[in-house]
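Step one of this worksheet: look at the structure below.
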Amino acid sequence: MAEFLADNNPCGQNILRLVSRGNAIIAELLRLKDYIPPVFRFYLAFESIHKYVTDLNRYLEDLEEGLFIQQTLESVLLAEEGKQILCEALYLYGVMLLVVDLHIEGIIRERMLVSYYRYSAQQSNAESNIDDVCKLLRSTGFTASASKRVPNYPEDYFKRIPINSMYIDLVIGRLRSDDIYNQISAYPFPEHRSTALATQAAMLFLSLFFSPNILHTQTATLREIVVNIYMGVTVSLLEWWEPYKAAKTALSNTLDTANVREHSSKHAAKLQKLIPQTQQLSKEGALVEDNVLDHVNKVINIARECNVTLRWIMLHTCVPPADGMIVLKLNKDGSGSESDSSDDNDIDMECNNDNEDPELFVISDGDLENNLNGGSHFAAPVESFQPPLLTRVDRLTRVLCLQLLSEKQSKWNMFKKEGVERMLELSEVFSGTKPLTRVVKNENLQTWFSEIAKQIDSLKQEETTAAGRKIVQLIQALEEVQEFHQLETNLQVCQFLSDTRKYLHQMIRTANVKEDVLITLHIVGDLSYAWETVDSYTTYMQEGIKKDPSLVIKLRATFLKLASAMEIPLLRINQAKSPDLVSVSQYYSGELVAYVRKVLHIIPETMFGLMARIVHLQTSVIKELPTRLDKERLKEFAQLDHRLEVAKLTHSVSVFTKGILMMKSTLVGIIRIDPKQLLEDGIRKELVKHIAIALHSGLIFNPKAKTSELIPKLEALEKIMDGHRRSFEYIQDYVNICGLKILQEEVSRIISYNVEQECNSFLRDKVQEWQSVHQSKTIPIPKFSPVDNTSVNFIGRLAREIIRITDPNKSVGTAGLAGLDRFFSFMIVTELQNFLNTLQKGVLKDKAWLDMVTDVSKCLSPNTTLISNPARFYVQYTSRAQKVWPQILEWTHKVGQLQVLRKNIAYELNTSCKFDSKHLAGTLQTMNDALLTEIQRHYKDPMKPYPKEENPLLYELSTYCDWAGISDPYSKIYITTNNLQFFSLLTFLFTISQVNKLIYIKNIGLVCKKPQDPIDGVPFIVGIQTILKQFHPEVRNQYLLYMGQFIKSHIAFSLNSSSSKPTELPSEVVNTLHFIESFVHYAALPREAITKHIPDLILDQYRSLSAA
């Protein structure tokens, strides 16, 4: 009764919303099994199960207490939709419990619940029911891989929260005795009863565990022993009913050897009979409008037989997938087995089947339904029939039926009008008023034809039965009048009579097109039981595609047939107008699209194998033609056999491409599959796999190697990358894709993803794999286990090897250099943080240190004064910190080394950009300069415009500039710092303690005096400059002031000393001036920055002496 679910019926609406929520919960559980998101999301899913059963019990109590006027449990079960909904409510609760136990093991659930309770205590309140959730979902001891059933499972699990026993008994009674979904009308044959009631049987199977005494005491005979309980989750009654005496007895009758042979032989015979029938109907022109209208019952019968046979074979020969699906396997003696791999072959032998026919049968059956409209001349665009939840048996089958139904009235009126007009014309002819060759006036025939016209005009489509009988009588009357009145002699009259009879026949055929046909096709074409099982046929489908790529067109029908399974969870959600509709639809549609991608991935996979062979022939076998060639050597360079092989391989690649592109754009659920995009995604996925493996395996270094492995490994990697570039460059025109664009984008994505994951070690808030903007579910980047204790992936290994030998090379490409640059910046941040944290928490907190630097500060103040004996003064303080300087030197050196590497990378990137894309380089430089000018103007005048925080301009331009090398690492500010007391003085003391270990060499610069000293001039200077850059500019100015005071003091002391020549500068001053000059150069400071502290005379004399 439709009224039960009416909007104004609170009793029906409450239970409908509850069942809708149950389907949404199951979809969420299935979604969560594939991810490891925050535990809170899992808890909400667990809590929703408890809330569901609590709300179900409350609803039953409300019914019992009479809260819903004139409604009781018994009256609801008398309503057609009422009994459906109540049965589904109990069934869905059982499905939830089994799905949770099947996909999330008990020990894992318990850990999740404990973690949630520990870390979300602040979210707990008086209404929290976490204790009840823990009671319901604590471990049952069941594991999918266990060989032995847990005692009293799942009945103990199902009764953890008691449910009204009368309700359970009434539900089981209805499921056992009633056809609650009215499926028998679509399966009129007795042998199809088990298929017709398969959905009901799955519901009964789960419901019986809520009342296990029935399984212990009542027996029955079964036709099937494998049950699809929900969306392809299949169970074997052989195992699940093992503990129950009565149920086991019923199974023993079913598993009798003779019964097994009878069923398998019967379905084998049907299989052999139906395959040629479906192939015949699938031929071009076999299923056009006229044929279907004449033989619609025959077509439906064949479709019904196909689906019944297909269902039995797929369920009883399926291979259990890895997640623990349980199915039955039968031995020849009829006994059950779950481990012997020969079991499936026994059924196969009885079916005379070699595991290829089922796959062919899937195709043929899908093809049959797909081609019911194959030759129809009035096929309307499918887009006209695409409501969100339109469940398809097959796309074009539904189009045909909907088209016939939509045009039924118009065609009826057209045929009736044509018939009436012809009868009126004949009436006029026999009246003598309308001349017609050799027709004598006949008033009787005139009156008779006029009456027939009235009779035809009075036919009404709504009165199908009466109209049908009347049409038959009219056809018979027209045949008789032609015979008895000897009208055969006049061909024109005969033609009019023949046309009228034809139109009357068309009216009968049109009247026979009913919505029942569409409903029957929908019911018999259900493939929800194969939602999981079909995966066992993937290998055969892929092998078929490799042999014949055009098979993709037939497989399209199979994929669309699978889409019919989505109605099961969506029907009640749609009826309840639940907001979960979109989420659940997206999940199941996404799962089906993922399966389609999996099946069709064999095409790009095979293409890559062919492309590898092509590249090998082109690079290693076929010789490159010289500019000039002697005719005597023409045959040598022709290499016709090899060129023929390249041509054949290229043709094979194009054939595979054509195969997938022949599949039309297809709507799978709510997701549209574009075959060209599918091909491109498949090529990208295979490319990503190959490149990721090459990068991972090619960049593994031995840190103890005496000679660096970097260059040989990069050269080998360069060959691999060049091979991919050559293959894509060659093949892109044949497969109609932008090959080089795809290659560049995917290499960039792989590098960016690995840099992101490697940089996680420097971040507090890690970027998880599922959070990464670079990772994709459709085109996943493989993640490999680390091969050492310091690096996560190849980016870390490459960076650390480069640091070890300090010899960067260009072979990693633009993306690789940009990735290394970003990774080095994270390393610099870490080193700076470690350095400053040590100073803050150690050196500058030590009282002895503070006393020392305080004394030095007082002695050097004011900084314009000169120190009388600088050599002695400075040494007495620098020598007191000899234990600290090595650690600071190591940090400074590492920061400087990384900065130098970043500078070289920027130069390499910028040079490459200017050569490869000078317009891009010029545009970015101009844009960068213009934007910096505008920002400077804003800081001078705040009224000037400045990009807002939500404006992505600065971020995106910065990314482009980094990739183009338009950046200066030496001017970067990596960390934010607070003002550290005496930091400039400490840095000055550290500098003068190390400068004397350096010596200036013309054309080289500052280098270490002794090979054993762990200091290098450029990294040291750049490191000091970078550290000071992180502070306010005043800190650097104070540092330069100390350096100027140091230089002037030494010069003054030297001039006052009689031992030195007036024209010579002290060695300390020369080294320090070389340091200062390099410091100013790397810091990009103007000359005024040092002339404020060091007189021009000293600088000029230093330069003249250096030039000499």
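The values are calculated or read from the model by the stated rules, or taken from the named source; none is laboratory data. Since the model is a prediction, treat every value here as computed from it, not as a measurement. A quick note on method: Cβ atoms are made from the backbone with ideal geometry, for glycine too, and the neighbour counts reach across all protein chains shown. We work out accessible area using only protein heavy atoms, side chains counted, and drop any ligands, DNA or RNA first. Shrake-Rupley method; radii C 1.70, N 1.55, O 1.52, S 1.80 Å.
Here the dipole of segment 410-521 is about 160 debye; that uses its Cα centre as origin and unit charges on the Cβ of Lys and Arg (positive) and Asp and Glu (negative). In the distance distribution for segment 850-928, Cα-Cα pairs more than 16 Å apart total 71 percent. The residues of segment 410-521 present an accessible area of 58 Å² per residue when probed at 1.4 Å with all protein chains retained.
Using a probe of 1.4 Å on the protein chains alone, the accessible area found for Asp929 is around 70 Å². Each of Arg118, Arg469, Arg725 has its accessible area taken with a 1.4 Å probe; listed largest first, they run Arg118, Arg469, Arg725.
Could you tell me what % of all Cα pairs in segment 599-709 have separations over 17 Å? Percentage above 17 Å: 69. Think of the chain as having a plus end and a minus end, set by charges on the Cβ of Lys, Arg, Asp and Glu; of Pro212, Pro190, Gln476, Pro212 sits farthest toward the positive end of this dipole.
Bridging of Lys416 to lysines at a Cα separation below 29 Å is possible for Lys298, Lys408, Lys434, Lys441, Lys454, Lys460, Lys470, Lys502, Lys514, once same-chain residues fewer than 8 apart are set aside.
Among the listed pairs Lys270/Lys547; Lys845/Lys894; Lys948/Lys1029, no Cα-Cα separation exceeding 31 Å is found. Per residue, the convex hull spanned by the alpha carbons of segment 882-980 comes to 133 Å³. Cross-linked pairs Lys648/Lys719; Lys658/Lys914; Lys914/Lys972: Cα-Cα separations exceed 29 Å for Lys658/Lys914. At full extension, Lys676 and Val114 could sit 197.5 nm farther apart than now, given 0.36 nm per residue minus the alpha carbon distance. Carbon-plus-sulfur accessible fraction, the chain (probe radius 1.4 Å, protein heavy atoms only): 53%. About the centre of its Cα atoms, segment 10-221 shows a dipole size close to 780 debye [charges on the beta carbon of Lys, Arg (+1) and Asp, Glu (-1) only; nearest 20 debye].
Here segment 842-920 and segment 564-623 have alpha carbon centers that stand 57 Å from each other. Annotation for segment 590-672: trypsin sites (Lys or Arg not before Pro) lying in DSSP loop with at most 14 further Cβ atoms inside 10 Å of their Cβ are Lys623, Arg628, Lys664. Please list, in order, the residues from segment 593-623 whose amide nitrogen is less than 18 Å from a point placed 7 Å along the Cα→Cβ vector of Asp733. Backbone N within reach: 611, 614-615, 618-619. For segment 940-1061, the square roots a ≥ b ≥ c of the C-alpha gyration tensor eigenvalues yield an a/c of 1.5 or more together with a/b exceeding b/c, which makes the shape prolate.
Annotation: lysines with alpha-carbon distance below 26 angstrom to Lys248 (same-chain offsets under eight excluded): Lys148, Lys159, Lys266, Lys329, Lys332. Considering only the Cα atoms of the chain, their convex hull presents on average a projected area of 71.8 nm². With the convex hull drawn around the C-alpha atoms of segment 10-221, the volume per residue stands at 148 Å³.
Peptide packing: for 514-521, 1046-1053, the average count of neighbouring Cβ atoms within 10 Å per residue gives the ranking 1046-1053, 514-521, highest mean first. Under the convention that each Lys and Arg Cβ holds +1 and each Asp and Glu Cβ holds -1, the size of the dipole of segment 675-805 around its Cα centre is about 300 debye.
Phi-derived couplings, Karplus 6.51 cos²θ - 1.76 cosθ + 1.60 at θ = phi - 60°, listed residue by residue for segment 443-448: 5, 5, 5, 4, 5, 5 Hz, with x used for Gly and Pro. Using a probe of 1.4 angstrom and keeping all protein chains present, the accessible surface of segment 828-1107 works out to 54 square angstrom per residue.
Amide H to amide H, with H built 1.01 Å from N, Ile671 comes under 5 Å of no residue 5 or more places away or on another chain.
Annotation: per residue accessible area for segment 10-221 equals 45 Å², rounded to a whole number [probe 1.4 Å, protein chains only]. Could you tell me which residue out of Val99, Ala921, Val493 lies farthest along the dipole of the chain toward its positive end? Charges go on the beta carbon: Lys and Arg +1, Asp and Glu -1, centred on the Cα centre. The residue sitting most towards the positive pole is Ala921. When the Cα atoms of segment 716-835 are aligned to their principal axes, the ranges along those axes come out at 57, 34, 23 Å in descending order. Looking at this model, which pairs from Lys33/Lys685; Lys135/Lys245; Lys841/Lys1010; Lys713/Lys783 are more than 26 angstrom apart at the alpha-carbon? Pairs exceeding the cut-off: Lys135/Lys245; Lys841/Lys1010.
Put simply, the C-alpha atoms of segment 828-1107 give a gyration tensor, and the ellipsoid matching it has half-axes of 36, 23, 19 Å, longest first.
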